[in-house]
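Structure record follows, encoded as structure tokens.
The values are calculated or read from the model by the stated rules, or taken from the named source; none is laboratory data. All of these numbers come straight from a predicted model, not from anything done at the bench. Cβ sites come from the backbone with ideal geometry, for glycine too, and all protein chains shown count toward neighbours.
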């Protein structure tokens with residue numbers, strides 16, 4: 001599909017390379033501040049885990065000896081005190097952490113504003129600041145798995161350490177990315193208020209909503225989902241599902257605005273189709289791909305996607321017509337398309 005004119009338009013008209021160079025001077029220290037905060041909490045967790053492990057080991061090794069004296073009661077008291085201290089201090093640090101993350105986000109935004117002499121009435125400044133927030137959010141992807149690492153000679157426990165790292169820190173990474181992506185959305189909303197009928201502004205806001213919705217989507221539904229990597233159940237619970245749908249629907253509304261002004265732009269309809277796919281609304285998704293086909297009958301990739309959807313929804317007659325057309329054009333994926341025949345029955 002050809003790139004949409006809406007996609008191609010760039011807001012930031014100043015020297016982008018110079019801005020990116022200056023942004024890195026702000027970006028790297030802020031990223032290191034965030035990492036240091038996480039590493040401090042990781043060190044705290046590892047200290048108490050190691051302490052409790054050593055105390056448990058000593059109790060097991062010398063249990064017979066200790067049972068003959070008052071030392072057993074003393075050792076048990078020390079062990080339970082260590083556990084109590086760990087959970088009490090961890091609760092205290094967890095309570096403080098959201099404010100610390102908000103402070104890091106605010107420092108980053110203030111520093112970025114200083115780089116561009118930020119002005120509320122400047123569309124370019126809103127886009128530049130939104131872009132900076134997305135850049136930091138992207139850099140944090142997957143970091144929750146990296147704060148605990150096993151030595152090379154203990155590689156067998158590496159998956160367990162990854163899981164423990166994610167369990168301890170996924171909420172921190174989630175909150176930080178959420179703060180940054182919400183800041184990006186807010187900058188795009190300010191952009192809309194500056195230029196209410198600018199199509200590029202609405203496209204940018206729609207994409208900002210799409211990025212934010214990706215934070216709440218069920219990871220198991222993603223094509224790049226790694227089944228071997230542990231994912232906390234809270235990432236796909238009902239609360240996340242509600243947030244995902246609310247954010248995705250905001251994106252759809254922005255794409256509908258684009259559709260009102262640019263009804264013959266295939267890119268707009270493809271973005272609507274992606275959003276409907278994420279929202280598990282296959283009939284609406286089909287309508288968007290049918291519209292794309294009417295606009296650009298030569299786009300075989302989208303016709304292939306439409307054929308799959310027809311078969312998945314039990315519309316086999318329509319699916320076979322798509323199959324026949326793609327076969328005539330010698331489309332490479334034709335064999336994989338027919339494999340979806342009857343998939344609605346499963």
Inset, instruction - Test residue 135 against the stated conditions and say whether it is closer than 20 Å to residue 207 by Cβ, at pLDDT 90 or above and surrounded by fewer than 19 Cβ atoms within 10 Å (Cβ to Cβ). - result: yes
Inset, instruction - Could you tell me whether any residue of segment 168-185 is touching a helix residue (DSSP H, G or I) at 6+ places or on another chain (Cβ under 7 Å), in a loop (DSSP other than H, G, I, E, B), in contact (Cβ under 8 Å) with a residue 24 or more places away in the chain and surrounded by fewer than 20 Cβ atoms within 10 Å (Cβ to Cβ)? - result: no
Inset, instruction - For residue 37, indicate whether it is in contact (Cβ under 8 Å) with a residue 60 or more places away in the chain, in a helix (DSSP H, G or I) and either over 34 Å from the mean Cα position of the chain (by Cα) or more than 30 Å from residue 193 (Cβ to Cβ) (or both). - result: yes
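Would you mind stating whether residue 259 is over 20 Å from residue 306 (Cα atoms) and free of Cβ contacts under 8 Å to residues at least 40 places away in the same chain? Spell out how you get there, then give the answer.
Details: over 20 Å from residue 306 (Cα atoms): no; free of Cβ contacts under 8 Å to residues at least 40 places away in the same chain: yes.
In short, no.
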Inset, instruction - Report, by residue number, each residue of segment 148-167 that is more than 17 Å from residue 230 (Cβ to Cβ) and not in a helix (DSSP H, G or I). - result: 151
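Suppose the filter is part of a helix (DSSP H, G or I), free of Cβ contacts under 8 Å to residues at least 12 places away in the same chain and out of contact with any strand residue (DSSP E or B) (no Cβ under 9 Å at 6 or more places or on another chain); does residue 327 pass it?
Values: part of a helix (DSSP H, G or I): yes; free of Cβ contacts under 8 Å to residues at least 12 places away in the same chain: yes; out of contact with any strand residue (DSSP E or B) (no Cβ under 9 Å at 6 or more places or on another chain): yes.
It is true that residue 327 is part of a helix (DSSP H, G or I), free of Cβ contacts under 8 Å to residues at least 12 places away in the same chain and out of contact with any strand residue (DSSP E or B) (no Cβ under 9 Å at 6 or more places or on another chain).
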